[in-house]
Amino acid sequence: MRRVAVVGCGVGRNHIGRGYRKHPDKFRVEALCEVDAARLQAVGEEFSIPRRSLSYDEVLRMDDIDIVDICTPAALHFRQILGALSAGKEVVCEKPLVGTLAEIDELIAAEKEAAGRVMPIFQYRYGDGVQKGQADHRCGAGREALSDDRRDRVETDPGVLPDTMARAPADRARRRVADARDPQP
């Protein structure tokens, strides 16, 4: 049985109700951490979780916690992940994991030295974002064409996508490139 502390009770509430509670033979949520005291109390009462803290550092000092599930704003992820790894915890973290490649490199190095692992949430692993990006590239779309805020968000996965995933049609990619070059008001 793995003992979990959920940090951030907004998205974290869903992790409890739709994740951990569905697998009581594997996980038990033992503690909650949230900066909003009212939300902390509400989620704690909803799921009958007695240990509640407003302090992330207090959670890291809980020796009986195996997994820290980080569901906080993205700007906090990097330091919170490093803290949890330093405390010997396994880490589940919402996306985006961190903000830069340099931070990813630091996390990889920290994880190699730590007892725990980092397990990022990534539920779009079978999306067609990679194929869309490749189609854009084949159509001649450069960085300047795809840097507009209105472009489609590209989801990526370092793993292998299923063979059944169709590539984005070239005509759709051309329209996306044209839209990025000439945004509507």
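Every number in this text was worked out from the coordinates using simple rules, so none of it is lab data. This is a predicted model, so every value here is computed, not measured. Quick reminder, even Gly has a Cβ in these numbers, built from the backbone with ideal geometry, and neighbours come from all protein chains shown.
Please find, among A115, A75, the residue that is touching a residue at least 24 places away in the same chain (Cβ under 8 Å) and either in a strand (DSSP E or B) or within 18 Å of G10 (Cβ to Cβ) (or both). Among A115, A75, only A75 is touching a residue at least 24 places away in the same chain (Cβ under 8 Å) and either in a strand (DSSP E or B) or within 18 Å of G10 (Cβ to Cβ) (or both). Of all residues in the range 60-101, those that are within 19 Å of E113 (Cα to Cα) and among the polar types (S, T, N, Q) total 2.
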